[in-house]
Amino acid sequence: MSLTNLNGRNAASSQGFEWLGHSDLGGRGHSDQVMVLNGYAYIGHSKTRGTSVVDVRDPRAPIVVNLLPHHANSWAIHLQAHNNLLLVAEAYDFRAVMSDTEYYLKAVGGFQSERFGVRGRDFNAGMRVYDISQPAAPREIGYMEVPGLGLHRIWWVGDRYAYASALLDGYTDYILIVIDLNDPTKPQIVGHWAMPGMHIGNTNAPASHSRIGLHHAVVEDDIAYGCWRDGGVTLINVKDKTRPELISHRNWSPPFDGGTHSALPLHDRGLLIVADEAVRPFGTQQAKPIWMFDIREKSNPISIGTFPVPSDLDYAAIGGNFGPHNLHENRPGSWRSSQIVFATYQSAGLRVYDIANPFQPCEIGWFVPPTPTQWKEPLRGRPKVRHSSDIFVAADGLCYLTDYDAGLYIAQWK
């Protein structure tokens, strides 16, 4: 086990990485999704109301060059960048008024937006579109308001259509929507799909002790792989953007705790990787797996294994949220591999897996940043430990890792 050094500080644990750079993002360390395009990183924040623009052309010295503002009562933690456009999701900030138990264990919808004020005045709900042809100076060119409480996360890789999780009036939680970006100044919702029982008034509504809501979907070959928190994973045919249709659905909660969060389809191998998110501190919930599915027959996904649990440090003693969060999603222009997989593991940092044998994934590397020295993350009652959130891996193996408190780390996968 080697510990790489940056300005006299060691990573807590590292194998196969060189630690190059770090930025607390000007005191806005509370960071979530990161996208990197044309030498600049775009980072969503959970507390600071804005999106950071960071010059990362020198990975050893990242420089914050801009902050794109948004509404004071809205959350904009997720974004997508491609083809000189940046899409930023906005939603009402539930986490400012809800505990972890309220947010993660039951539906957050089932009411009208007016409960939280007037949309457009007291909060914003929708998607902002920026022109980033001048990367350091994004220019807003479009806004799509939604009839509800907003978008959580978007999937878009540069073509005409984007896919997002949206909490719309009349639904118990986030559902899948399809967005037409033919005119990026005027995005439009053209299709949607929800789990049975999610429409208000449906007698088959999900149980109140679980949360059936779409975190987001990743789309490959016109199939949307959606992760539904306590509702498992769906394969949805989106070839007809106006009429998405269910292909198959698998749910393992119960008996497992759920929290299904991120999917990575590998169509060339007929595989699907699915990560369940750890949403509470170690010891207060079941262990959350990263699952491997065989999807050669899309109508019948079969679980064939799970990924190994990190063991380089005593994570039980460290505490905090110990379990998966995000997967690097093999976006066009970034690292694309059907064998080497990158995943954030919250208190266990960034993990790297070899899935040459899909029945027995093995861990081949990790980068665990030091414990943060300042605490910016707004979630109440969480232990003060590192919380690696999102990962973007460039084509050359340069890894951009965000933390809920410590900002942005940059490390080179060897």
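The values are calculated or read from the model by the stated rules, or taken from the named source; none is laboratory data. All values reported here derive from a predicted model rather than from experimental measurement. Backbone-built Cβ (ideal geometry, glycine too); neighbour counts: all protein chains shown.
Only one of Ala96, Ala11 is closer than 22 Å to Gly320 by Cβ, surrounded by fewer than 19 Cβ atoms within 10 Å (Cβ to Cβ) and either in contact with a helix residue (DSSP H, G or I) (Cβ under 6 Å, 6 or more places away or on another chain) or touching a residue at least 40 places away in the same chain (Cβ under 8 Å) (or both); which?
Values: Ala11 fails: surrounded by fewer than 19 Cβ atoms within 10 Å (Cβ to Cβ).
The conditions single out Ala96.
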Exercise for review: Among the numbered conditions (1) of a type outside the set (S, T, N, Q); (2) within 18 Å of the chain's Cα centre (by Cα); (3) at positive phi, tell me where Gly39 comes up short.
Suggested key: (2)
Revision key, fill the gap. All-but-one check, Asn357 against (1) in contact (Cβ under 8 Å) with a residue 12 or more places away in the chain; (2) assigned to a loop (DSSP other than H, G, I, E, B), failing number (1)
Practice item. Answer yes if at least one residue in the range 194-211 is within 22 Å of the chain's Cα centre (by Cα), modelled with pLDDT of 95 or more and in a strand (DSSP E or B), and no otherwise. Key: no
Revision key, fill the gap. Just one listed residue, out of Thr234, Thr260, is surrounded by 20 or more Cβ atoms within 10 Å (Cβ to Cβ), under 30 Å from Ala317 (Cα atoms), hydroxyl-bearing (Ser, Thr, Tyr) and in contact with a Phe, Trp or Tyr (Cβ under 8 Å, 6 or more places away or on another chain), and it is Thr260
Check your understanding: Is it the case that the range 111-127 has a residue that's more than 18 Å from Ala76 (Cα to Cα) and either modelled with pLDDT of 95 or more or touching a Gly at 6+ places or on another chain (Cβ under 9 Å) (or both)?
Key -> yes
Practice item. Tell me which residues, restricted to the range 1-32, are within 18 Å of Asp390 (Cα to Cα), touching a Lys or Arg at 6+ places or on another chain (Cβ under 6 Å) and at pLDDT 90 or above. Key: Leu20, Gly21
Check your understanding: Does the range 285-306 include one or more residues that are over 23 Å from Pro254 (Cα atoms) and either touching a Lys or Arg at 6+ places or on another chain (Cβ under 8 Å) or aromatic (Phe, Trp, Tyr) (or both)?
Key -> no
Revision key, fill the gap. Taking the range 58-88 and keeping only residues that are under 16 Å from Ile132 (Cα atoms), out of contact with any Ser or Thr (no Cβ under 7 Å at 6 or more places or on another chain) and surrounded by 19 or more Cβ atoms within 10 Å (Cβ to Cβ), one is left with Gln80, Ala81, Leu85, Leu86, Leu87
Review point. Consider Ser14 against the criteria (1) part of a strand (DSSP E or B); (2) closer than 27 Å to Ala136 by Cβ: it satisfies all of them except one. Which criterion is unmet?
Key: (2)
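Can you name the strands (runs of 3 or more DSSP E) wholly within the range 233-305 that have at least 1 residues being in contact (Cβ under 8 Å) with a residue 60 or more places away in the chain and either touching a Pro at 6+ places or on another chain (Cβ under 9 Å) or within 20 Å of Glu220 (Cα to Cα) (or both)?
233-237, 260-266, 271-276, 290-294
Would it be correct to say that Tyr143 is without any contact (Cβ under 8 Å) to a residue 60 or more places away in the chain, aromatic (Phe, Trp, Tyr) and closer than 15 Å to Pro69 by Cα?
So Tyr143 fits the description; yes.
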Practice item. Answer yes or no as to whether Arg115 is closer than 19 Å to Phe94 by Cβ and in a helix (DSSP H, G or I). Key: yes
Study note, to complete from the structure: Going through the range 309-354 in order, the residues found to be part of a loop (DSSP other than H, G, I, E, B) and of a type in the set (Lys, Arg) are Arg331, Arg336
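Ala89: in contact with a strand residue (DSSP E or B) (Cβ under 7 Å, 6 or more places away or on another chain) and within 22 Å of Arg28 (Cβ to Cβ), yes or no?
Yes, satisfied.
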Revision key, fill the gap. Among the residues of the range 48-69, the number that are basic (Lys, Arg) and at pLDDT below 95 is 1
Exercise for review: Please state which one of Ala72, Ala166, Ala162, Ala91 is modelled with pLDDT under 95 and within 28 Å of Asp222 (Cβ to Cβ).
Suggested key: Ala91
Point to revise | Exclusive hit being touching a Phe, Trp or Tyr at 6+ places or on another chain (Cβ under 8 Å), of a type in the set (Val, Ile, Thr) and surrounded by fewer than 24 Cβ atoms within 10 Å (Cβ to Cβ), set Ile212, Ile223, Ile200, Ile247 | key: Ile200
